[in-house]
Amino acid sequence: MIDINFGFLVSQIVHFAMLFAWVILGFRALKYLYHAKLTEGIRLLWVAIVLFVPLFGALAVLIVRPTEQRTELS
């Protein structure tokens, strides 16, 4: 009879779901950053955050929705 460790199975499913979410959210965040009106330096910083901070970097972009803000001095 096959011995199945359900704890291990659940942890593998959770890890796969997190990887899937990271890939999907990462692509959405990078697509948003591609179309956002940002300076190249700011865009590069956000892309680095998305790529090097798994899942939370993409979530940060999608929550914050960075845009270029212009302040006018009078």
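Only the coordinates and a few stated rules stand behind these numbers; no lab work does. In this text the structure is predicted, and so the values were computed from the model without any measurement. Neighbour counts run over all protein chains shown; Cβ positions are idealised from the backbone, glycine included.
Some observations on this one:
- In a simple Cβ point-charge model (Lys, Arg +1; Asp, Glu -1; nothing else charged), the chain has a dipole of about 260 debye relative to its Cα centre.
- Global size of the chain as Cα Rg and Dmax, reported in angstrom: 18.2, 80
- A simple spin-label model places the labels of I42 and F20 3.5 nm from each other, with each point 7 Å out along Cα-to-Cβ.
- The stretch between R28 and F56 holds 8.8 nm of extra length on full extension. This uses 0.36 nm per residue minus the Cα-Cα distance.
- Counted as membrane-span-like here are DSSP H helices of the chain whose alpha-carbon atoms extend 27 Å or more along the helix's own axis and whose Kyte-Doolittle mean is 1.0 or above; these are 6-35.
- Exposed loop sites here are trypsin sites (Lys or Arg not before Pro) assigned a DSSP state other than H, G, I, E or B and surrounded by at most 14 other beta carbons within 10 Å; excluding them, the longest clear run of the chain is 1-36.
- Available extension along the chain between L9 and I49 is 11.3 nm, counting 0.36 nm per residue and deducting the alpha carbon span.
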